[in-house]
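> Let me begin by handing over the structure; questions about it come next.
Coordinate-derived values only; no laboratory data. This one's a predicted model, so the numbers in the text were calculated from it and none came from an experiment. Glycine gets a Cβ as well: all are built from the backbone with ideal geometry, and neighbour counts include every protein chain shown.
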Amino acid sequence: MSPAPATRGAVRRVLGEGRWAWSALVVLVGALISAPVVAVVVDGVLGAGDTQLPRNVGDMVFTSLWLLLGVGCGTFVLGAGLAWLVSAFDFPCRRLLSWALVLPLAMPAYILGFVFLSTFDVAGPVQSLLRDWFGADVWVPDVRSLGGAVIVMSLTLYPYVYLLARAAMVEQSATTYEAARTLGATRGRAFLRVLLPLARPSLAAGLALVMMETLTDFATVQYFNVHTVSVGVYLVWKGSFDLHSATQIAALVLVFAVALLVGERLLRGGARFTQRGHRGVGPQRERLRGFKAALASAAGLGVLGVAFVFPVLQLVVWALGASTDPLDPRLGDYLANSVTLALVVAAVCVTVATLIGHAQRLGGGRLVRSAAQLTTFGYAVPGAVVGIGVLLVMDWLDRGLVAAGVEGGTGLLVTGSVLGILIAQVVRFVAPAHQAIDASFTKMPPSITGSALSLGASPRRVLTRVHLPQVRSGILVATVLVVIDVVKELPLVLLLRPFGFTTVSVWVYQLASENFWEKAALPALLIVMLALVPVVVLVRGRDPRRRVEP
Amino acid sequence: MRRSLLAASLAVVSVATSACGIFEDDEPADIQVYSARHYDLEKAFEEFTEETDLTVEFLFGDDSELLERLKKEGDDSPADIFMTVDAGNLWNAAEQGQLTALDSPILTEAIPEDLRDPDGQWFGFAMRARTVVYNPDSVDVAEFDTTDTYAGLGDPKWSGRLCMRDATASYTQSLVASLIDLHGRDRALEIVESWVANDVEIMSNDIELLEAIDAGACEVGISNHYYLGRKLDEDPDFNAKVFWASQDGEGVHVNISGAGVTRSSDNPEAAQQLLEWLAAKGQSAFVDNNFEFPVNPDVAPAELVAGFGPFERMPVDAKAYGSLNAEAVDLLAEANYE
Amino acid sequence: MSEADALRLAAVTKSYGRTLAADALDLVVPEGEVVAVIGPSGCGKSTLLRLVAGLERPDAGSIEIAGEVVADARGWRHPEQRRVGLVFQDHALFPHLDVRRNVGFGLRTLSRPERRARVETMLHRVHLADLAARRPHELSGGEQQRVALARALAPDPAVVLLDEPFSSLDEHLRQRVRSEIMATVRDAGTTAVVVTHDQTEALSVADRVVVMRAGRIEQVGTPQEVFERPASRFVASFMGDADYLPATVEGDRVSCEIGVVPVRPSLTAGTSYDVVLRPHDVTVEADPAGAAEVVHVEYHGAFVLHAVRLASGARVRSWQAHSVRHPVGTRVSVGLVSGPGPVLLPVEETVVR
């Protein structure tokens, strides 16, 4: 064989099989979306010659690792365990739990964190009660700690894993689980050795989302005084009033993010668990009785109570306590802003993610794969850093335009309108959309695409008539995840909003940052409600018994 | 399926268009303020608008993020005034060329020299004291070191009795910066290390810290005085008292909330007018709402905080707070102060 | 080569990293012919099919479909621009469309009434007219396979490619579906390439069989040729049971341990040969004085397979009618069936015996 074909083969593996228009589109979108993140890193590297990393950066790295590990384990155990419970067993309240366990997704970690601390911290009712009973010297575990942060974040983030794991378990055919059981595997073993490995791609996707949320969280960890690398970014930024030095640590956060994404790919392990033939109905549920049934119900209801019901009640109590104040007349505006923003961002993110999935399906090659990966980094970078990146890119664009002779450049495009917020939110939240939609694409056998193409369908027709209908569930999940994320997102909106633009999350922040928690309870409840709507839509849309096949 | 796709795309289009509608800004206000204060300021400014017919609009945010935004927006920035809560922040904004020098006799007259920029780029309008707060049931005021109360909290007798704010709080950083300024880095490090050695309990906000003192979970803490004002306003029986720190020494550590007119302001006259109003006529309305102390010596503080008694204050050294902040952060890390 | 060739591959090469999945493949399939491509997994047979379909792009070589070049050094056509029908092992039916829409999917260029008529014709041809409104998940595996075929044939492709089309079906269903499907293909007169790893399937459905190994074509021929006159030891073993005994050449006479071999081909002097013995070439008779011994017996219904150890220690197998059954341990004499006789193959040094 001459060397030429080999080289050509290598080039093609990078460039893909020549759907140039589609590939170019994805590469372009990838470049646009990653631009702000890249800008921050470039700016940081170029701009910070003499700044030094904070003294305890090593501790921060370890703290971040421990936090990631803790929250990873916590969400895995809660998410996968509860998913197994509701898909493999029957017990009282199972039907309720199977959808209600998704609800904590609507609870932002910073709100649960606050409720948790105000309840369990030294001045809270629990410790006060303990002191009353046992005296001032009673020993209580330190709630304001890494452990506390792990608990709170696990409780709010586990639904990512639960949602994807449950879907994966339900979509598996009953036979594999039953085969394992007849081979003498106990229920636990069948779960560990058969259900879990088969659900691996979904679990990996869910865990990756959890990890990235954990990595970029700033508010919750600060409540708990846990100094992660993300906290470091803010510490340096605020300590030195110099973003350049902060971007160096932001780059460190990126290193974590890359490691996470690589880890996710490895976990998914190239293998595609597309089950051939029949679409599964999940394992036949086994009825639990007596003690075991009570235990199962208690586990589910307990998690739901701690993660959702109790904090919502607490917020309601606070909100009622503050109800003497007149209702803010701008409430309607704030709500409309939040909702509109969420829908627009979700529409853009889902479109981008679908196009990426489609282009990859058409044989995009490594270039498209890399572009797809690039779009996901925004999620792993703290919101404020993405915001600064957007400002940077616009700044450069401005100067470029002025240099090219355009008077005034882009004008005040970014912070003078919501455009900046929109761009930044898309940069941040393409990742969850991509995860959900990509998982759906992965479940669709490649032969479907091949068949459609060889029947003469153009790539566009394959997209609309074959791919879209089949990744519908992924699109639904993606929409919900993005909507929830946007409604909860704070730093970006805070940084980039134009005058007169306030969302519900900003409102909560303004009140909460000065500890007006009773006043903040109402808008906080509103965030939960807003996030609840898509969660309920999702739950109903995904209930396998209600779904019309497929 | 096709129909639902159609419906979805219609929805997207209509949402997008309505978004443009909603997001279209109305006529901008006469004076636009980037503010890191979020204490329900509007009430004070409503009075200003009534008096002058000049409208004021706020954009709240985090101080360093707002500063970064101001820098990135450059000449296009809509902001006329940059308002923030730390003298170091103001000094930095001036240092980074974001503010304009004002020549205003009204301002220089109303505001003490150390609470404003010598070049007139920024001015303090409200003052807060970061002092010691204690639970009177478990602490005798005689226990405090009256010369250097902050350093005195490192005495082993306070072991297990202390609560303080976290290292990420700008309040903590400014206090430590002032200690570095006052005593030099080595002594400041010793002081912070002695707090850590006393097993200080770290809280994530001042209100929680005060509630811990009230509940008896902590005996002594360091807090901004106005948080206690707020708590006492809600509940007169709140069981915590102010002790003015270092009265026989350098005085209590204070910081300011201040503002300057931005470099890019397209309405500097109106902005200056607002600042002058804040320093004089609007001073009470501005500070009392948040139980802060007025900077203008001719204006009396609110009754509740006046009840904390008179005190000597440390001079504010904005340059020190601003330039030593990074060192303070580093020192806190070195002392393992969380 | 004539214009009527439906498919023409010349020096088609494709590698994945260091693995050569197609190594300079040459193949010509005349119109209307059914070709089976067979080989062990990983031999490149599916790659061959994907290359023809346009799901993979060759590194080198050219492919022509119905006289049109679809891939060569200068250009490459996407699958939707090739007149190729595809039937996958998993059927790959569109789960969200009913049977009628599945079959009509590739008929976009037709007018609505034409399309409807064509779909009806196709459904009748695969005997599924009454299931037209069903969704794929409501069909049995065999029915799904027939829909997949009808869908692939509907646009009248120049060549239809079937990738292991029957391997997902139950054993008892497989034979019936296979004969139905292949009858439909033959009725349609379409050129077909069937990829399979089942030699019975290859031998029974195809006009010609292509045996592949490690990205290369080992042998192309009619089913009889590849079965009876295998070109290599690999083909011999892969296309059916085969035992090997060393051949002894004395002048024109070739013999092996169990008898004289009637041989036609000229042999190269100085090369050692093996005689390829299919079980039906070997006779076994009970003979208390025989040098061989029955070591294993397998009942297959119509036939009984006997494994026999010869005096030399070599083992050969023999098919016997179901009425004949020599218990294990029986002394037997072993011989060769008279007739065209077995093949001789050079001893491959590399093969460990």
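> May I ask for the angle, rounded to the nearest 10°, between helix B:318-334 and the longest principal axis of chain B, with both axes built from Cα atoms and the value confined to 0 to 90°?
It works out to around 70 degrees.
> Hey, got the dipole for chain C? About the Cα centre, +1 on K and R Cβ, -1 on D and E Cβ, debye to the nearest 20?
Values: 40 positive and 45 negative charges, 215 e Å.
So the dipole magnitude of chain C works out to roughly 1040 debye.
> Moving to a separate point now. Starting from the Cα of C:Lys45, draw a straight line to each of the lysines and keep only those under 23 Å, dropping any in the same chain fewer than 8 residues away.
C:Lys14
> Calculate for chain C the 222 nm mean residue ellipticity that helices alone would give, adding -39,500 (n - 2.57) per DSSP H run of length 4 or more and normalising by residue count, nearest 500 deg cm²/dmol. Please report the intermediate quantities before stating the final value.
Values: 8 runs with 79 residues, N = 353.
Value at 222 nm, helices only: -6500 deg cm²/dmol.
> Using only Cα atoms, tell me the angle between helix B:268-279 and the longest principal axis of chain B; keep it within 0 to 90° and round to the nearest 10.
On a 0 to 90 degree scale, this one is about 30.
> At a Förster distance of 41 Å, what's the computed FRET efficiency of C:Ser111 paired with C:Arg216, Cβ-Cβ distance as r, to 0.05?
Numbers: r = 47 Å, r/R0 = 1.14.
Here the calculated transfer efficiency is 0.30.
> When only C-alpha pairs under 8 Å and at least 6 residues apart count, what is the relative contact order of chain C, in percent? Don't skip to the answer; put the middle values down first.
On the way: 735 pairs, mean separation 54.7, N = 353.
Taking the mean separation of contacting Cα pairs over the length of chain C, I get 15 percent.
> Pull up the cross-link candidates among the lysines for B:Lys157, meaning alpha carbon to alpha carbon under 29 Å and not fewer than 8 places away within one chain.
List returned: B:Lys231, B:Lys241.
> Remind me, relative contact order of segment C:184-277 in percent, using alpha carbon pairs under 8 angstrom and six or more residues apart? Intermediate results must be reported in sequence, preceding the final value.
Working: 96 pairs, mean separation 16.2, N = 94.
About 17 percent, as a whole number.
> Now a separate question. Could you identify which residue out of B:Thr108, B:Thr100, B:Thr49 has the top mean-square fluctuation in a GNM of chain B using Cα springs shorter than 10 Å?
B:Thr49
> Ok, one more. Considering chain C as a Gaussian network with a 10 Å cut-off on Cα pairs, which listed residue, C:Gly215, C:Gly42, C:Gly32, attains the greatest mean-square fluctuation?
Taking springs between Cα atoms under 10 Å, the residue moving most is C:Gly42.
> Just need the relative contact order of chain B here, percent rounded to a whole number, with Cα pairs under 8 Å and 6+ apart. Please list the in-between numbers first.
Numbers: 604 pairs, mean separation 93.1, N = 338.
Computed over chain B, the figure is 28 percent.
> Right, another one. Quick check of the Kirkwood formula: for segment C:115-193, what is the inverse mean of 1/r over all pairs of different Cα atoms, in Å?
Taking the inverse mean of 1/r over all distinct Cα pairs, segment C:115-193 comes out at 12.8 Å.
> To continue, here is another question. With a cap of 13 neighbouring Cβ atoms within 10 Å, and only residues DSSP puts in a loop, list the chymotrypsin sites (Phe, Trp or Tyr not before Pro) found in segment A:80-169.
Taking segment A:80-169 and a limit of 13 other Cβ atoms within 10 Å, the loop chymotrypsin sites (Phe, Trp or Tyr not before Pro) found are A:Trp139.
> Given H placed on each backbone N at 1.01 Å, which residues far from A:Phe89 in sequence or on other chains put an amide H within less than 5 Å of it?
For A:Phe89, whose amide H was placed from the backbone, the distant partners under 5 Å are A:Glu286.
> How much of the DSSP beta bridge set in chain C is antiparallel, as a percent to the nearest 5?
On the way: 56 of 74 bridges.
Taking every DSSP beta bridge with both residues in chain C, the antiparallel ones total about 75 percent.
> On to the next question. Sorted from fewest to most neighbouring beta carbons within 10 Å, what does the list A:Met60, B:Met203 look like?
Numbers: A:Met60 24, B:Met203 28.
Starting with the residue having the fewest Cβ neighbours, the order is A:Met60, B:Met203.
> Assuming 1.002 mPa s and 20 °C, estimate D for the protein assembly as shown with Stokes-Einstein, Rh taken as the Kirkwood radius over Cα pairs, in µm²/s. Present the calculation step by step, with values, prior to reporting the outcome.
On the way: Rh = 35.5 Å.
Rounded, D is 60 µm²/s.
> Each residue of segment C:309-323 in order: what ³J(HN,Hα) in whole Hz does its phi give by Karplus 6.51 cos²θ - 1.76 cosθ + 1.60, θ = phi - 60°, with x for Gly and Pro?
9, 7, 4, 6, x, 5, 10, 10, 10, 9, 7, 10, 4, 5, 7
> Using the alpha-carbon atoms, what tilt in degrees (0 to 90, nearest 10) does helix B:170-183 show relative to the longest principal axis of chain B?
In chain B, helix B:170-183 runs at an angle near 50 degrees to the longest axis.
> Here is a further query. Going by amide H atoms built from the backbone, whose H comes under 5 Å of the H on B:Glu201, apart from near neighbours?
B:Leu162, B:Cys163, B:Met164
> Give me A:Leu391, A:Leu157 ranked fewest to most by other Cβ atoms within 10 Å of their Cβ, as a rough exposure proxy. Walk me through the numbers on the way to the answer.
Working: A:Leu391 25, A:Leu157 28.
If I rank by nearby Cβ atoms, fewest first, I get A:Leu391, A:Leu157.
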